[in-house]
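Inspection log for the structure reproduced underneath, given as structure tokens.
The values are calculated or read from the model by the stated rules, or taken from the named source; none is laboratory data. Predicted, not measured: the structure shown is a model, and the values here were computed from it. As a convention, Cβ positions derive from the backbone with ideal geometry for all residues, glycine included, and neighbour counts pool all protein chains shown. When the accessible area is computed, the model is the full protein with side chains, heavy atoms only, and any ligands, DNA or RNA have been set aside. Shrake-Rupley method; radii C 1.70, N 1.55, O 1.52, S 1.80 Å.
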Amino acid sequence: MKEDVKEKRKIKRTFFTVEDGIVGTFTFPGIQKEALTAYIFNLSMGGIFFTVRNDQNGKLKEGNHLIFMEIKQWTLAKTLVNIDAKIKWIRKDPLSQKIGIGCEFLNIPETSKRQIHKFIN
């Protein structure tokens, strides 16, 4: 029998599906020059989780930094910009050609904090 899993996160997190259409455009400074767009699956004031295809992962490693240039819903013009993040973990999904990436936000601008708060609530 599976035991109840206790949530360890201290910061409220909001979960999304592909149908919600929450996407992020980001770059990996020093690793990959062109920007990538990925579906966002959860977001909090402390971090973000998204996926990329196996062929898009480049030389990503835990501890690498990335910059989110934009986080938005496909159908809306509201965006978050210029949020630095650090990759905390990378997991390959054996059932798909996707890689999940969990990041911690670093030095979030005050305007972006307000927008993340709106996404979460």
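Here L95 meets the list (1) farther than 16 Å from I120 by Cα; (2) of a type outside the set (D, E, K, R); (3) open to solvent by 70 Å² or more (accessible area, probe 1.4 Å); (4) at pLDDT 80 or above almost entirely, failing just condition (4). Only one of the listed residues (I90, I108, I101) is modelled with pLDDT of 80 or more, open to solvent by less than 70 Å² (accessible area, probe 1.4 Å) and touching a Phe, Trp or Tyr at 6+ places or on another chain (Cβ under 9 Å). That residue is I101.
The set of residues in the range 64-87 that are aliphatic (A, V, I, L, M), surrounded by 11 or more Cβ atoms within 10 Å (Cβ to Cβ) and modelled with pLDDT under 85 comprises L80, V81. Pairs are defined by a Cβ separation below 7 Å, a sequence spacing of at least 6 or placement on different chains, a first member in the range 107-121 that is in a loop (DSSP other than H, G, I, E, B), and a second member that is among the polar types (S, T, N, Q) and open to solvent by 50 Å² or more (accessible area, probe 1.4 Å); the pairs so defined are P109/N82.
Restricting the range 30-63 to residues that are among the polar types (S, T, N, Q) and either open to solvent by 50 Å² or more (accessible area, probe 1.4 Å) or not in a strand (DSSP E or B) (or both) leaves a set whose member that is modelled with the highest pLDDT is T37. Restricting to the range 93-109, name every residue that is in contact with a Gly (Cβ under 9 Å, 6 or more places away or on another chain) and over 16 Å from L43 (Cβ atoms). The one that is in contact with a Gly (Cβ under 9 Å, 6 or more places away or on another chain) and over 16 Å from L43 (Cβ atoms): D93.
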